[in-house]
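The values are calculated or read from the model by the stated rules, or taken from the named source; none is laboratory data. Worth saying up front: this structure is predicted, and the values here are computed from it rather than measured. Because the Cβ atoms are built from the backbone with ideal geometry, glycine has one as well, and the counts that use them run over all protein chains shown. SASA here: full protein model, heavy atoms, side chains in, ligands and nucleic acids out. Shrake-Rupley method; radii C 1.70, N 1.55, O 1.52, S 1.80 Å.
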Amino acid sequence: MLGKRLRRWLWPTALTILAAIANILYSGVSFIYYPITLPDPNCYLTVGRAMAAGKVMYKDIFDQKGPWTYFLHWFTITITPNQGDYGYLIFDIFFTVLILWFAYKIMRLYLSFQWSALLTRVYLVLIMQPYFYPMGDTVEITCMPVMLAAIYLVLRQVRQPDRLVHWWKSGLLGVGLSWILWTKFSLILLPGVATLVLITYVWRAQGAPEALRHIIWGVIGALLPTIPVIIYFAVNHAFSYLFHYYFVVNLTAYSPASRMILPLAILRGMTYGIFHNLTSNWGLGYCFSSVSSSARWPRGAGAIGWRFSCHSSPGCLRWRIPNTAAIMSTPIG
């Protein structure tokens, strides 16, 4: 009994230490690699720095990732001394711990503790290799814990069909679904399908009233990441910018989605998220978008070929229009 209690505390602690060491050594947003030179993190940090200077995301400064991506970078910019770029490392460590934990939980459904613990460490070593790990601070890393948790819950019911699904787990899954919706919505299909499977199981095993209870708690959980988004864009009168630059641009700007009508683009984006991202770079784990860095905009958006080259400078976010080879800078200070 004492051994199990120690393991219950020591193993998560060991995972946290391993994740911290791995990210300090391998993450491109680690303080030992300051200043940060990676393109995507610099885009996110530039938007976060602009928000810290009073600008409104999408409305005053352009990028097309989800609102919570920029909320996190806004937060890290404000707490990091001199608004340095390395504060996001704490989130890289946090999400890596969650990824390792749910990978371990999946392994435990089929293997002993000793084998699961060993393979979890091997898994960490593999995903930190340069080919698999694009130097940290990616949107996909923030979504992977939710996807792995959804996979775990479904596989657990397959392995242990008599085990009940507790209502609070449906609440947390609702939080996760909403998190993905406001971070990178194209990845929502897998956890969304897993949620439907779990609700169906609860309906059949525990009855319709219990299934309704799970749905209600899932909705309550989904409101937690959603309410701050609503408040932020309501206060800044920027809902139209949110809809256009996060949803419409992401669904229509990239070829071949730009040649589709909107419902087909939505379907394509969501199926892309599950069938490509899950099988590309991390296998079970990491999903890394392979869309071209050159986006083809609809003509109605006012530009045809934006290509971004974000720089480390806190003073501006720069982009190039290939058709005119003009360089434009937008002050954010």
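With a 1.4 Å probe and every protein chain left in place, tell me how much accessible area Arg121 has, in Å² to the nearest 10.
The accessible area of Arg121 comes to roughly 100 Å².
Just to confirm my numbers, what's the Cα centroid distance between segment 144-215 and segment 89-128 in Å?
Between the Cα centres of segment 144-215 and segment 89-128 lies a distance of 21 Å.
In straight Cα distance, which aspartates and glutamates are under 12 Å from Lys65, not counting same-chain residues fewer than 8 positions off?
Asp40, Glu140
Treating cross-link reach as a plain straight distance, find the aspartates and glutamates whose alpha-carbon is under 17 Å from the alpha-carbon of Lys55, omitting any fewer than eight places away in the same chain.
Asp63
List the chymotrypsin sites (Phe, Trp or Tyr not before Pro) within segment 68-175 that DSSP assigns to loop and that have no more than 11 neighbouring Cβ atoms inside 10 Å.
Tyr110, Tyr131
Between Ile17 and Leu109, what is the spin-label point distance in nm, taking each point 7 Å from the Cα along the Cα→C-beta axis?
Label-label distance for Ile17 and Leu109, simple model: 3.0 nm.
Taking the alpha-carbon set of segment 69-113, what are its Rg and Dmax in Å?
15.5, 48
Using amide H atoms built in the peptide plane, which far-off residues or other-chain residues are under 5 Å from Ile61 H to H?
Here Val56 satisfy the definition.
So with the 1.4 Å probe, I'd like the accessible area per residue for segment 1-84, rounded to whole Å².
On a per-residue basis, 50 Å².
For the pairs Lys105/Lys184; Lys59/Lys184; Lys4/Lys184; Lys59/Lys169; Lys59/Lys105, flag any whose C-alpha to C-alpha distance is greater than 30 Å.
Too far apart for the 30 Å limit: Lys4/Lys184; Lys59/Lys169; Lys59/Lys105.
How much FRET efficiency would the formula 1/(1 + (r/R0)^6) give for Trp9 and Val193, where r is the Cβ-Cβ distance and R0 is 41 Å, rounded to 0.05?
Taking R0 as 41 Å, the efficiency between Trp9 and Val193 is 0.75.
Given a 1.4 angstrom probe, what's the average accessible area per residue across segment 105-211, in square angstrom?
Ligands and nucleic acids excluded, the figure is 46 Å² per residue.
With a 1.4 Å probe and all protein chains left in place, how much of the accessible area of segment 31-102 comes from carbon and sulfur atoms, in whole percent?
Here carbon and sulfur together make up 64 percent of the probe-accessible area.
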